[in-house]
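Structure, as structure tokens:
Bear in mind that the values in this text are calculations on the coordinates, not laboratory data. Note that the coordinates shown come from a computational prediction; the quantities given were computed from them, not determined experimentally. Positions of Cβ are backbone-derived with ideal geometry, glycine not excepted, and every protein chain shown enters the neighbour counts.
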Amino acid sequence: MLGLLISISIMSLMLGKYQISPMQIAAWGISHVNTNSGLQIKAEIEMILSQIRMPRILLVSLVGAGLAVSGTVLQSIFRNPLVSPYILGISSGSAFGVSLVILLFQVYNPFLLQLSAFLFGSLSVTIVLIASKLFPGRDTIIMVLTGIIISSFFSASVSLIQYFTDDQKIQTILFWTFGSFANANWENVFFIAPILLLCGTLFILKSWKLNVLSLGEVETTSLGLDYKRQIFTFIILTSIITSSVTAVCGPIGWVGLIIPHIVRFLGGSNNTFVVPCSLVSGAIFLQCIDLIARYSFPFEIPVGIVAALIGLPFFIFVLIKIRVA
Amino acid sequence: MISVQNLSLFVQNKVILENINFSMDSGLLGVFGPNGIGKSTLLRTIAGHHKNFTGDVLINSINIRSFHKQLLARNISFIPQEYTTYLDFSVKDLTLLGRTPYLSLLGKYSQNDFKIVETILHDIGLNQLQDRPISSLSSGERRLTILSMALAQMTPIIILDEPTNFLDIYNTVKTLRLLKELSITKKKLIIVSIHDINFATSFFDSVLFLCPDKYSIFGESKIITNEVNLKKMFGLDFQVIHEGESSFFVPKINSNT
């Protein structure tokens, strides 16, 4: 599986508006590992590979892995096959945060953008969690319901912001809400990577607890785990991943919903297997989507649109599978 | 050993359970009572899921309130009435989850855990099915898998909320026989809520009758299970049929009481 991820990455390095041969990539790779190799790399190839394609591939992989693993975690703890990172209102909250920054500030400031997305994403989750605490016993349904309501509230707010800004800013906001990796750079990679490494490792270490939590509250308590505390930890971690991912590349749907199903379909439901596998599969899936987005049309289209177009047939497949099971 | 003393439970100032007393070392205890009387609530309270009760629940003379969650899970296993698993685990994986209270922070199963699960699946007769996903099992086999999981907890006390619900008569008898056997061979205390009073004298060592008006009767099954107490519990007249050591009860349908 890791092999598949690496081959997809190399393919992504090769393909694009400027085609680069495998030999040139090998030469480029060797020249970076061994600086005394004496290989001559063309400046434009060096530029495209190091500054454009490499950060993009890393960013796409990290985002795909993060969204997929968040979906796996949320589906397990909510015991619901249709839940994804978007159900808690995280992405809409982040979208609002980003739009607000674009509206209020003239200069483009990536750090401020990410901070605001993170704050409003977390605000959504906090509201959802508080609402669910008010209804003990029915907290799961209230949680999902509040998430949906908050999502539409923030979506409406984003539209409102677009209504009041000038054309150029509308374009910026609109482009961002499509979800795209066109602006990928090393700065983004260095922002996402530590968050994902930390949360991903924690998820792998805690994956056995997800198995227990998927049995429900009474059963988890009977097996000696603190249900509320575990659920809370998992929700916080997925919120951190989702909001930081959304801040960087906009809301990208489907990955978090589809990948967990495919992994479980192929390899069984045990989360000690599903969690690491959905990390890798999410990266592979989003790489493929991104490759389609930037290579298969004469001009690049936002990855969020491609994901949604491909997502529908997958989604129907999942629904049919659930009905059969 | 479990001892319940003056147990009462209020939910939003409404009395659900009042002044329940019983104590038992090992064996099979049947909890009987009409629908909505609080059987499930009682079982959940004893299992440590409700905190706001008055009175005492003692396990080996130690108050249940002082147990840490993990330690409690090593002493009592509880199987709720409806056990729905969202993820489609294999029989073996689900049974292994019963070892959760013994796992360390990283959740790695030891050789011992695997051995325990293997033995249990063999004893219950599920070893042929151990790699099958539970979605492919019959409801009887699924119940047995969940029982295996509770057994993997290796607790001296097992509480089951209506384990024979929706089972046919063959699987009902099979389940009760299995529980009876476990209570004898493994010296476990097994508490079961059940509706069919005709199993009371043939399977259960002791019974707890929950009657309307917050009134309960506890004692040896063969003594307590009679038409007088059954009338108190269900408000119906019964005809008794004695068959060897067991008694069977048929409601008198035409009596207008």
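Just a few scattered comments:
- Highest to lowest packing among B:91-97, A:154-160, A:129-135, scored as the average C-beta count within 10 Å: B:91-97, A:154-160, A:129-135
- Peptide A:204-210 has a mean shielding of 3, counted as Cβ atoms of other protein chains within 10 Å of each residue's Cβ.
- Karplus 3J(HN,Hα) series, Hz, for the stretch B:19-34 with 6.51 cos²θ - 1.76 cosθ + 1.60 (x for Gly, Pro): 6, 9, 10, 6, 8, 7, 8, 8, x, 10, 10, x, 9, 10, x, x
- Where only alpha carbons of the stretch A:159-276 are counted, the Rg and the Dmax (Å): 18.4, 58
- Cα gyration tensor shape for the protein assembly as shown, rounded if a/c is under 1.5, else prolate or oblate: prolate
- The phi-based Karplus calculation (6.51 cos²θ - 1.76 cosθ + 1.60; θ = phi - 60°) puts the 3J(HN,Hα) values of the stretch B:159-175 at 10, 10, 8, 6, x, 9, 3, 6, 8, 6, 5, 5, 5, 4, 4, 4, 5 Hz, whole numbers, x for Gly and Pro.
- Whole-Hz couplings from phi, Karplus 6.51/-1.76/1.60, listed for the stretch B:230-239; x for Gly and Pro: 5, 5, 4, 7, 10, x, 10, 8, 10, 9
- Charge dipole of the stretch B:2-226 about the Cα centre (unit charges at C-beta), most positive-ward option of B:215, B:96, B:121: B:96
- GNM remark for chain A: springs join alpha carbons under 10 Å apart, and the peak mean-square fluctuation among A:210, A:115, A:257 falls on A:115.
- Here is what passes the span test in chain A: the DSSP H helices with alpha carbon length of 24 Å or more along the helix axis and a Kyte-Doolittle mean of -0.5 or above are A:54-78, A:110-133, A:139-164, A:186-213, A:227-249, A:271-295, A:303-324.
- Per-residue ellipticity at 222 nm, computed for chain B from helices alone with -39500 (n - 2.57) per DSSP H run of at least four residues, works out to -9000 deg cm²/dmol.
- Separation between Cα centres of the stretch A:69-99 and the stretch A:265-296, rounded to whole Å: 17 Å
- Nonlocal amide H pairs with residue B:17, under 5 Å, H built at 1.01 Å: B:9
- The distance separating the Cα centre of the stretch B:73-103 from that of the stretch B:35-49 comes to 20 Å.
- Residues whose amide H lies under 5 Å from that of residue B:208, counting only those 5 or more places away or on a different chain, are B:30, B:31, B:32; hydrogens are built 1.01 Å from N in the peptide plane.
- With N as its number of residues, the stretch B:114-250 has a Cα radius of gyration that, divided by 2.2 N^0.38 Å, comes to 1.19.
- In the stretch B:122-184, the ratio of gyration radius to Kirkwood radius, Rg to Rh, stands at 0.94 when only Cα atoms are counted.
- Choice from B:194, B:223, B:134 showing the highest fluctuation, given a GNM over chain B with Cα pairs closer than 10 Å: B:223
- Residue among B:232, B:214, B:14 with the largest mean-square fluctuation in a Gaussian network model of chain B, springs linking Cα atoms under 10 Å: B:14
- Taking a straight line from the alpha carbon of residue A:206, these lysines sit under 17 Å away, with near neighbours fewer than eight places off in the same chain left out: A:228, B:108.
- Given in Å, the Rg to one decimal and the Dmax to the nearest whole number for the Cα atoms of the stretch B:56-136 are 15.0, 43.
- In the stretch B:2-226, inverting the average of 1/r over every pair of distinct C-alpha atoms gives 18.2 Å as the Kirkwood radius.
- Taking every alpha-carbon pair in the stretch A:2-324 and binning the separations at 10 Å intervals from zero gives 6, 25, 33, 23, 10, 3, 0 percent.
- When you restrict to C-alpha pairs under 8 Å that are six or more residues apart and normalise by the size of chain A, the relative contact order lands at 30 percent.
- Under a 5 Å amide H cut-off, with hydrogens placed 1.01 Å from N, residue B:78 pairs with B:159 among residues at least 5 apart or on other chains.
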